[in-house]
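*Asks:* Could you have a look at this structure, given as structure tokens, before my questions?
The values are calculated or read from the model by the stated rules, or taken from the named source; none is laboratory data. The model shown is predicted, which means the values in this text are computed figures rather than measured ones. A quick note on method: Cβ atoms are made from the backbone with ideal geometry, for glycine too, and the neighbour counts reach across all protein chains shown. Each accessible area value is taken on the protein alone, full model and side chains, heavy atoms only, with ligands, DNA and RNA left out. Shrake-Rupley method; radii C 1.70, N 1.55, O 1.52, S 1.80 Å.
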Amino acid sequence: MKKIEVIGSSNVDTTLHVKDFPKPGETINASEVTIAGGGKGANQAIAAAKSGADVKFISRIGEDSFGEFMMKQLKSYGVSTDYVETTTGEDTGHAYITLNENGQNNIIIDHGANYLLNSTDVTAASDLIGDIDAVIAQFETPLEATITAFRIAKKQGAVTILNPAPAISDIPVQLLELTDLITPNETESAVITGIPINNEHNLKNNAAKLHELGIPNVVITYGDKGSYISTSKIEKLVPPFKVQATDTTGAGDTFIGYLASKLKNDFSNIEQAAIFASRASSIAVQRLGAQPSIPTVNEVNELMESK
Ligand code: RIB
């Protein structure tokens, strides 16, 4: 069984369902309000666990009922919460999501305890966790903690996977040098490289720039147009599984959790892993919420067999 460590955020997602996004200065009514588990770190940990990996999650929650809710969610999906720390006097991270009728969203995050995750947490957890195959991180928790996690992972010979979301333009060089695989979406990639993406040629240029920055393996997710893979052995746009999206929240996280879980450490099966991950996220976009939308591996296998 693949052993994966995820370091990252835990958020409770409050989603306001609206017909259209409000314009500046406009007041509108929500047709419904729903609450679900979220946070890019927690979502990716759950996706990896649902796909069959042994997942340890390093995160911080607040000392509140939302923190208790998050712990229950993670446990119910089979993620180890031994390294999810409750932070005295802090609130659990919260994401406020507006979801329109076309399944598009806007997200504003109140980071809460997520920003207190630090290198000491990571080192202490890593000492206890022992050997792993891969570590995944995002940008909803402090960079110093991620750099520490990647350093430890590299010493162990594990693969490091960076999902640079939310995007930042000035990723520290030390983090880039420690990254084996980067998985931005097209917007995040453009922020990092400075090259806007509106066609396949731009995808190629973006991947080339990411290689130039020192990252050997690149997967750029390109929404309903698929995912662009670029390694020393393969460079291609993997077509998507076309479906009607209801809610894209957490679909990218589903892709990354599944990709990490299926990927061999020498990257030799990256295309097959991306196809499997893309099928998993095609199921997620047809369901509401981040964590509730992540499919089980049996659901993904059934769909793989049916096409
Ligand atoms: O990627 C989706 C996630 O982003 C949501 O679950 C929300 O919590 C934000 O972190």
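*Asks:* Residues that are modelled with pLDDT under 95: list the helices (runs of 4 or more DSSP H) wholly contained in the stretch 194-307 that include at least 2 such residues.
*Replies:* Numbers: elements: 200-212, 251-262, 270-284, 297-306.
Those helices (runs of 4 or more DSSP H) span 200-212, 297-306.
*Asks:* Which condition does G89 not pass, out of (1) small (G, A, S); (2) open to solvent by less than 60 Å² (accessible area, probe 1.4 Å); (3) more than 17 Å from Q291 (Cα to Cα), if it passes all the others?
*Replies:* (2)
*Asks:* What are the residue pairs meeting all of these: first residue in the stretch 142-153, first residue closer than 9 Å to S119 by Cα, second residue in a helix (DSSP H, G or I) and open to solvent by less than 10 Å² (accessible area, probe 1.4 Å), Cβ atoms under 8 Å, and 6 or more apart or on different chains?
*Replies:* Listed pairs, sorted by first residue: A145/V122; T146/L175; I147/L175; T148/V122; A149/V122; A149/S126.
*Asks:* Considering the stretch 218-237 alone, what residues qualify as being among the basic types (K, R) and under 19 Å from the mean Cα position of the chain (by Cα)?
*Replies:* Here is the first cut: in the stretch 218-237, the residues among the basic types (K, R) are 225, 233, 236.
The one that is among the basic types (K, R) and under 19 Å from the mean Cα position of the chain (by Cα): K225.
*Asks:* Looking at (1) under 25 Å from A245 (Cβ atoms); (2) crowded, with 23+ Cβ neighbours inside 10 Å, find the lone condition where N106 falls short.
*Replies:* The failed condition is (2).
*Asks:* Search the stretch 238-252 for residues being within 16 Å of the ligand (Cβ to nearest atom) and closer than 25 Å to N269 by Cα, and hand back the single one that is nearest to the chain's Cα centre (by Cα).
*Replies:* The residue in question is G252.
*Asks:* Any chance you could count how many residues in the stretch 4-40 are crowded, with 16+ Cβ neighbours inside 10 Å and more than 16 Å from the ligand (Cβ to nearest atom)?
*Replies:* Here the count works out to 3.
*Asks:* For the condition within 16 Å of the ligand (Cβ to nearest atom) and open to solvent by less than 60 Å² (accessible area, probe 1.4 Å), what is the one hit in G214, G257? Break it down into steps so the answer makes sense when it comes.
*Replies:* Working: G214 fails: within 16 Å of the ligand (Cβ to nearest atom).
Going through G214, G257 in turn, just one is within 16 Å of the ligand (Cβ to nearest atom) and open to solvent by less than 60 Å² (accessible area, probe 1.4 Å): G257.
*Asks:* Further question: Whether any residue in the stretch 127-149 is open to solvent by 10 Å² or more (accessible area, probe 1.4 Å), of a type in the set (G, A, S) and outside any helix (DSSP H, G or I) is what I want to check.
*Replies:* Scanning the stretch 127-149, I find at least one residue that is open to solvent by 10 Å² or more (accessible area, probe 1.4 Å), of a type in the set (G, A, S) and outside any helix (DSSP H, G or I), so the answer is yes.
*Asks:* Test A165 against the stated conditions and say whether it is over 17 Å from the mean Cα position of the chain (by Cα) and either surrounded by 17 or more Cβ atoms within 10 Å (Cβ to Cβ) or not hydrophobic (A, V, I, L, M, F, W, C) (or both). Walk me through how you get there before you give the answer.
*Replies:* Working: over 17 Å from the mean Cα position of the chain (by Cα): no; either surrounded by 17 or more Cβ atoms within 10 Å (Cβ to Cβ) or not hydrophobic (A, V, I, L, M, F, W, C) (or both): yes.
No; evaluated as a whole, the condition is false for this residue.
*Asks:* State whether the residues of the stretch 161-172 include one that is outside any loop (DSSP other than H, G, I, E, B), more than 16 Å from the ligand (Cβ to nearest atom) and modelled with pLDDT of 95 or more. Break it down into steps so the answer makes sense when it comes.
*Replies:* Going through the stretch 161-172, the residues outside any loop (DSSP other than H, G, I, E, B) turn out to be 161-162.
Right, trim to more than 16 Å from the ligand (Cβ to nearest atom) and you get none.
No, that holds for no residue.
*Asks:* Determine which member of the set A280, A273, A290, A284 is touching a strand residue (DSSP E or B) at 6+ places or on another chain (Cβ under 6 Å), under 21 Å from A53 (Cβ atoms) and open to solvent by less than 10 Å² (accessible area, probe 1.4 Å).
*Replies:* Details: A280 fails: touching a strand residue (DSSP E or B) at 6+ places or on another chain (Cβ under 6 Å); A273 fails: touching a strand residue (DSSP E or B) at 6+ places or on another chain (Cβ under 6 Å); A284 fails: touching a strand residue (DSSP E or B) at 6+ places or on another chain (Cβ under 6 Å).
So the residue among A280, A273, A290, A284 that is touching a strand residue (DSSP E or B) at 6+ places or on another chain (Cβ under 6 Å), under 21 Å from A53 (Cβ atoms) and open to solvent by less than 10 Å² (accessible area, probe 1.4 Å) is A290.
*Asks:* When the residues of the stretch 260-270 are filtered to those that are among the small types (G, A, S) and open to solvent by less than 50 Å² (accessible area, probe 1.4 Å), which remaining residue is nearest to the ligand (Cβ to nearest atom)?
*Replies:* Of the residues in the stretch 260-270, the ones among the small types (G, A, S) are 260-261, 268.
Pick out the ones that are also open to solvent by less than 50 Å² (accessible area, probe 1.4 Å) and you get 260-261.
Numbers: A260: 15, S261: 17 Å.
Here the residue is A260.
*Asks:* Give me the pairs, please: first residue somewhere in the stretch 1-25 and over 21 Å from S293 (Cβ atoms), second residue anywhere and of a type in the set (S, T, Y) and within 16 Å of the ligand (Cβ to nearest atom), beta-carbon distance under 8 Å, and either six or more positions apart or on two chains.
*Replies:* Matching pairs, first to second residue: I7/S59; I7/T141; I7/T146; P22/T98.
*Asks:* For the stretch 192-211, name all the residues that are open to solvent by less than 50 Å² (accessible area, probe 1.4 Å) and either more than 16 Å from T179 (Cα to Cα) or of a type in the set (S, T, Y) (or both).
*Replies:* T193, I195, I197, N202, L203, N206, listed by residue number.
*Asks:* Looking at the stretch 134-149, is at least one residue modelled with pLDDT of 95 or more, touching a His at 6+ places or on another chain (Cβ under 8 Å) and within 16 Å of the ligand (Cβ to nearest atom)?
*Replies:* Going residue by residue through the stretch 134-149, those that are modelled with pLDDT of 95 or more are 134-149.
Now restrict to residues that are touching a His at 6+ places or on another chain (Cβ under 8 Å): 140.
Those still in the list that are within 16 Å of the ligand (Cβ to nearest atom) too: 140.
Yes, some residue in the stretch 134-149 is modelled with pLDDT of 95 or more, touching a His at 6+ places or on another chain (Cβ under 8 Å) and within 16 Å of the ligand (Cβ to nearest atom).
*Asks:* Kindly provide the set of residues from the stretch 54-76 that are open to solvent by less than 10 Å² (accessible area, probe 1.4 Å) and under 29 Å from N298 (Cβ atoms), ordered by number.
*Replies:* Initially, the stretch 54-76 is screened for residues open to solvent by less than 10 Å² (accessible area, probe 1.4 Å), giving 55, 57-59, 61-62, 67, 70, 74.
If the condition is that a residue be open to solvent by less than 10 Å² (accessible area, probe 1.4 Å) and under 29 Å from N298 (Cβ atoms), then V55, F57, I58, S59, M70, L74 are the ones that fit.
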